[in-house]
């Protein structure tokens, strides 16, 4: 009788382990998005030089890592004065929707910086405010970096060529 109880207990334990093991291997993979982390400007994959940044962030997503920098903003409108950098498996044509701006779909002015070619568009409004939009995609070590710039200024003398000075960071090597 005691032997039968031990067998039943042993079979029950083995059955439970097998069932649990099967359930664990069939779990659905969860996607996690973490809150943005404040980072120093020298922790960006592409350094934004000759421009004052207020704060930079990094956010790890399922298949991409987003970096963005808020630049000084004298227009105080949302979606302005941002540099967005997205590391991922594919290049992006538009910035992620959360950033509330898009780049024009028509062909822009072609220029070069240390990363390679990029397109830019400058719009001058009736008020005299000028807005620069730019898009650049570059591939490094099998991974794409997509860079989107949106910068507006009410200063008619503000130089807008600083995007030609984007420089790869040493930290880009780890991505």
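What follows draws every value from the coordinates through simple rules; no lab data is involved. Keep in mind the model is a prediction, meaning the values are calculated, not measured. Methodologically, a virtual Cβ is constructed for each residue, glycine included, from the backbone with ideal geometry; neighbour enumeration extends over all protein chains shown.
The convex hull around the C-alpha trace of the stretch 37-174, projected and averaged over every direction, spans 8.2 square nanometres. For the pair residue 105 and residue 39 in one chain, pulling the backbone fully straight at 0.36 nm per residue adds 20.6 nm over the alpha carbon distance. Highest mean packing first, where packing is the average number of other Cβ atoms within 10 Å per residue, the peptides 45-54, 120-129 line up as 45-54, 120-129.
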